[in-house]
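Below is one structure, written out as structure tokens; comments come after it.
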Amino acid sequence: MGSMFRSEEVALVQLFLPTAAAYTCVSQLGELGLVEFRDLNASVSAFQRRFVVDVRRCEELEKTFTFLQEEVRRAGLVLPRPEGRLPAPPPRDLLRIQEETERLAQELRDVRGNQQSLRVQLHQLQLHAAVLGQGHGPQLATAHTYGASERTPLLQAPGGPHQDLRVNFVAGAVEPHKAPALERLLWRACRGFLIASFSELERPLEHPVTGEPATWMTFLISYWGEQIGQKIRKITDCFHCHVFPFLEQEEARRAALQQLQQQSQEMQEVLGETERFLSQVLGRVQQLLPPAQVQVRKMKAVYLALNQCSVSTTHKCLIAEAWCATRDLPALQEALRDSSAEEGVSAVAHRIPSRDMPPTLIRTNRFTASFQGIVDSYGVGRYQEVNPAPYTIITFPFLFAVMFGDVGHGLLMFLFALAMVLAENRPAVKAAQNEIWQTFFGGRYLLLLMGLFSVYTGFIYNECFSRASSIFPSGWSVAAMANQSGWSDAFLAQHTMLTLDPNVTGVFLGPYPFGIDPIWSLAANHLSFLNSFKMKMSVILGVVHMAFGVVLGVFNHMHFGQRHRLLLETLPELTFLLGLFGYLVFLVIYKWLHVSAASAASAPSILIHFINMFLFSHSPTNRPLYPQQEVVQAMLVVLALAMVPVLLLGTPLHLLCRHRRRRRRPTGRKEDKAGLLGLPDASVNGWGSDEEKAGGLEDEQEAELVPSEVFMHQAIHTIEFCLGCISNTASYLRLWALSLAHAQLSEVLWAMVMRIGLGLGREVGVAAVVLVPIFAAFAVMTVAILLVMEGLSAFLHALRLHWVEFQNKFYSGTGYKLSPFTFAATDD
Amino acid sequence: VRVRKPARLTASGARLLWRMLSALPSGGPENLQRPPLGPSSRLGIPRPAMTAHSFALPVIIFTTFWGLIGIAGPWFVPKGPNRGVIITMLVATAVCCYLFWLIAILAQLNPLFGPQLKNETIWYVRFLWE
């Protein structure tokens, strides 16, 4: 059968890698992704391992790569994806890559630095030109004309002669958000001794470092007195303003301006050249970087793997231990042979026995991967225990569909999933980064099956967007009831609610052949019928699912050679489960078949019978379903209770007996074993090949058998199973609860939205126009509430039913996955 | 235009419904000639009989159908690495779907009570379904 039913056989192999060929061998193994290396140097810290120097070199190189990548990103360019197969380069190539990268990085740094300083200079020139070019006309005019005019007395400062007051200028530029503060401070500090005029530049200038445009404010301060001048300079320094020399003569200023403009033009040319060179360098980086990154990553991974190997005493070769699937052993040996043949040495691998539990390997394809993922999310199976995934492929969508059953919603889900499946090979779809989309896309086959089963259960529940359809004629005849009960129109007008009686001949014509009769969707008491139906359905499905889980445990016991557990655990478990809850299912089906409407008034209540069964009591008003019912029930309860001590004490006692028997004749048995096998033991669960199963395993393991532990473990298992039977059966009632919730939500949405829309307006035109927004609202709410919310809810509950109620009957999930050493993860 | 409350159909609404129904080709020509809702109208006119649903026929059909899928199907799955998984899927599908259908039909085999209908529904169903 397929290998999905339990883990593949995984063996521990020991690899002998001669030092000369070790690197190439491990690199080849990384390309193939066959083995998982075990860390043989776990006690050694990372800094003391053999290849730590090489790893460090790789890491430094990666730092340089990051710098280059950042530069490329800053320039707005994109690194192309590396093409083709790039194996890890041999160690001598690392030097070459290192040199080239360093050179590129240095050039890039230089060019960037130049560009930066050029930009700063250009900015200064531009500011200077702007300050000079700015017209602070009135001030200059006043400076000349009002040098000794009536104004002076107003500006008289206390003390100090007026004659040696000469007007000086300070011109500069300040950042716009600091300008008001500067103005205020100048006024407060030097009031009366200066005139400051601020004006804004028309064009914004780019900031040299950040590149943001900023509109600078230029100012021209005319002042009197040397001390004021010093104060002003201190203030402008404080505000980080750029101050430029200001010549009083107009012509001098114009000459300076011209010179500045010339200079800035030259500067811009130089800047252009620099940027061209920069783009050249970046182009070379774009070429070199992607393959180099991949190669160095692989190299680092190889060195990290080599660090996990131990060095043999002769220092001639490295010894590695790795887990490898038995099926891949020939491929492994071939790979080692090929890669070491180039060096003229030979690397070998051979299988060694192991005491530890091997990792679990289950190969999946893209269809089964999502179901295996569901199971693995709960826990990866122990080595070679039964894998629930192949059964989950069908039971999970089925239980989801029981809770979600609606033809319309199921069809929408199916079509959505079908679209994803048909488009799965398109690169645009694969490269999408949105996490939520990735989640849905990863589960597309799951959604496909869920939708398909939902359509089926929708047909059985007879619900399509909460509407029932009569594919077959209904099994209830209203006319027959009306005629035979004399329901005249007057009678009907008086009574708003009337019930059809199945006892009247011709009213009930037989069960609807496929699903629920459509008359129930018109009935006011349809919940009474549906609740009874769905509750019983949930219990039946639950008992069947759980019994299936217990039966799967049989395969585990047989595979691990623990046949005593078949008799001492599986049989009592099945008897307990089926004796009590299987009997409940029997009662339900019996009542369905044998109690008809004729005796409806005195119909036996299963609930009361079931309660009385456990209490060993009797309700006189509740008639028995079949003769001798009480005797049968009493026997079943006694049998089930008798199974509890068997479950509790059976296995531990058996193990103890066997342990004592083995210990009583130790020497004979041990010699036999040594002769037969020559291999030491394995773990309790007995993984591995057939020879080990035969009996060698118990030998050393029994020596460590602790009775109290075994009894305790079994007691926990018994309590968990017995109490779990009751609570888990009740837990399956969530199938009823959620399907009811879904049906009701669906019904409410229809009644509140679509029915109102369809009932509005008698003229066709009005109805058509009004229906468009109403249908839009209906569609949005259907998708948002019923598909997404209810879908997630049903998904969650189906998942819980699988993880807890089904899997705790047979699955332990305490293993770990085989994660092979591969470069595939690093190749993005 | 009078705004109607759609939830409660008044007597005039019922008459409108009757007029609409009579326009539909339901049943035979007698329906069209029937005077509106009189008590004597029903007594002499032959009712078209409702087909009785058998229980055995659907059971046989569906048992064979799911039996073919679940028991005969596995023999036809081509050999390949996925044979085991496909067989498991076929059997599980057959079991689940058959069981679900069987529960639905068994639950309706011997109903202990009938549907409780509104009088308007009775009017409507009576003339439309039969």
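Every number here is computed from the coordinates shown, using simple stated rules; none is lab data. Note that this is a predicted model, so its numbers are computed, not measured. Cβ coordinates were reconstructed from backbone atoms using ideal geometry, including for glycine residues, and neighbour counts include every protein chain displayed.
May I ask you to give the average projected area over all directions of the convex hull of the Cα atoms of segment A:709-828, in nm² rounded to one decimal?
Working: hull surface 56.8 nm².
Mean orientational projected area (segment A:709-828, Cα hull): 14.2 nm².
What is the mean number of Cβ atoms from other protein chains located within 10 Å of the Cβ atom of each residue in peptide A:520-527, rounded to a whole number? Don't skip to the answer; put the middle values down first.
Values: counts 4, 1, 8, 6, 5, 5, 2, 0.
The mean count of partner-chain Cβ atoms within 10 Å per residue comes to 4.
Using a Förster radius of 60 Å, what is the FRET efficiency between A:Met635 and A:Glu424 based on their Cβ-Cβ separation? Nearest 0.05, please.
For A:Met635 and A:Glu424, the calculated efficiency is 0.60.
Could you compute the net charge surrounding A:Ala322? Neighbours are other residues with a C-beta less than 14 Å from the C-beta of A:Ala322; K and R count +1, D and E count -1. Write down the numbers at each step before the final one.
Values: positive: A:Arg38, A:Arg351; negative: A:Glu36, A:Asp39, A:Glu321, A:Asp328, A:Asp356.
Net local charge, A:Ala322 excluded: -3.
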### Message
What percent of all Cα-Cα pairs in segment A:213-270 falls into each 10 Å bin, going from 0 up to the bin containing the maximum distance?
### Response
17, 36, 36, 10, 1
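Using only alpha-carbon positions, what ratio does the radius of gyration of segment B:53-129 give when scaled by 2.2 N^0.38 Å?
Details: Rg = 19.5 Å, N = 77, 2.2 N^0.38 = 11.5 Å.
Compared with the compact-globule rule of thumb, segment B:53-129 sits at 1.70.
Do any GluC sites (Glu not before Pro) in segment A:229-327 lie in a DSSP loop with no more than 14 other beta carbon atoms within 10 Å, and if so, which?
Details: sites: A:Glu248, A:Glu250, A:Glu251, A:Glu266, A:Glu269, A:Glu273, A:Glu275, A:Glu321; in loops: A:Glu248.
Here the sparse-neighbourhood loop sites are A:Glu248.
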## Note on the structure
So the FRET efficiency between A:Glu206 and A:Ala341, C-beta based with R0 = 60 Å and rounded to 0.05, is 0.45
### Query
In peptide B:94-102, what is the residue-averaged number of other protein chain Cβ atoms found within 10 Å of each Cβ?
6
### Summary
Quick P(r) readout (the protein assembly as shown; Cα-Cα; 20 Å bins; whole %) gives 10, 25, 24, 19, 15, 6, 1
### Task
Give me a single rounded figure for A:537-544: the average over its residues of other chain Cβ atoms within 10 Å of their Cβ.
2
### Message
I want to make sure I understand the PRE zone here: with the label point 7 angstrom from the Cα of A:Arg85 toward its beta carbon, which residues in segment A:311-343 have backbone N atoms less than 20 Å away?
### Response
A:328-343
#### Entry: chymotrypsin sites (Phe, Trp or Tyr not before Pro) within segment A:586-655: DSSP coil, no more than 12 neighbouring Cβ in 10 Å
A:Phe616
### Summary
The answer for A:Thr360, listing residues at least 5 apart or on another chain whose modeled amide H is closer than 5 Å to its amide H, is A:Tyr816, A:Lys817, A:Leu818
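Below 12 angstrom from the Cβ of A:Thr782, what's the summed charge of the other residues (Lys, Arg +1; Asp, Glu -1)?
Details: positive: none; negative: A:Asp406, A:Glu790.
Charge balance in the 12 Å sphere: -2.
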### Message
So if the hydrodynamic radius of segment A:528-620 is defined as the Kirkwood radius over C-alpha pairs, what does Stokes-Einstein give as its diffusion coefficient at 25 °C and 0.890 mPa s, in µm² per second?
### Response
159 µm²/s
### Task
Could you please report the charge total around A:Leu40, scoring K, R as +1 and D, E as -1 over all other residues with beta-carbon less than 11 angstrom from its beta-carbon?
0
### Message
Under 5 Å between amide hydrogens, which residues at least 5 positions from A:Arg38 or on another chain qualify, with H placed 1.01 Å from N in the peptide plane?
### Response
A:Glu321, A:Ala322, A:Trp323
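Work out, step by step, the length gained on full extension between A:Val764 and A:Ile785: first 0.36 nm times the residue separation, then minus their alpha carbon distance; give nm to one decimal.
4.5 nm
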### segment B:77-83 - phi-based ³J(HN,Hα) in whole Hz, Karplus 6.51/-1.76/1.60, Gly and Pro as x
6, x, 5, x, x, 9, 4
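Here are some pairs, A:Lys536/A:Lys591; A:Lys63/A:Lys300; A:Lys430/B:Lys79; A:Lys63/A:Lys430; A:Lys63/A:Lys298; A:Lys178/A:Lys231; which of them have Cα atoms lying more than 23 Å apart in this structure? Let's see the in-between values first.
Details: A:Lys536/A:Lys591 11 Å; A:Lys63/A:Lys300 13 Å; A:Lys430/B:Lys79 31 Å; A:Lys63/A:Lys430 30 Å; A:Lys63/A:Lys298 15 Å; A:Lys178/A:Lys231 18 Å.
Over 23 Å apart, Cα to Cα: A:Lys430/B:Lys79; A:Lys63/A:Lys430.
What GluC sites (Glu not before Pro) does segment A:55-102 have in DSSP loop regions with at most 10 other beta carbons within 10 Å? Working shown, then result.
Details: sites: A:Glu59, A:Glu60, A:Glu62, A:Glu70, A:Glu71, A:Glu83, A:Glu99, A:Glu100, A:Glu102; in loops: A:Glu83.
Taking segment A:55-102 and a limit of 10 other Cβ atoms within 10 Å, the loop GluC sites (Glu not before Pro) found are A:Glu83.
Report the calculated FRET efficiency for A:Phe555 and A:Gln628 (r = Cβ-Cβ distance, R0 = 51 Å), to the nearest 0.05. Please list the in-between numbers first.
Details: r = 37 Å, r/R0 = 0.73.
The formula returns an efficiency of 0.85 here.
Expected output is a single nm value to one decimal: the length gained when fully extending between A:Glu226 and A:Ala598, i.e. 0.36 nm times separation in residues minus the C-alpha distance. What is it?
On the way: separation 372, 0.36 × 372 = 133.92 nm, distance 12.15 nm.
Going from the current span to full extension adds 121.8 nm.
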### Task
Calculate how large, on average over all directions, the projected area of the Cα convex hull of segment A:299-419 is; give the answer in nm² to one decimal.
12.4 nm²
### Query
Expressed in nm to one decimal, what extension gain is obtained for the pair A:Tyr590 and A:Ala777 from 0.36 nm per residue of sequence separation less their Cα-Cα distance?
62.7 nm
### Query
In what order do A:Cys238, A:Cys722 fall by count of nearby beta-carbon atoms within 10 Å, going from fewest to most?
A:Cys238, A:Cys722
### 3J(HN,Hα) from dihedral phi, segment A:494-500, Karplus parametrisation 6.51/-1.76/1.60, rounded to Hz, x for glycine, proline
7, 9, 7, 10, 9, 9, 7
### Message
Please list, in order, the residues from segment A:635-649 whose amide nitrogen is less than 18 Å from a point placed 7 Å along the Cα→Cβ vector of A:Phe616.
### Response
A:635-645
### Task
Return a whole-number percent for the relative contact order of segment A:536-652, with Cα pairs under 8 Å and 6 or more residues apart as the contact set.
35 percent
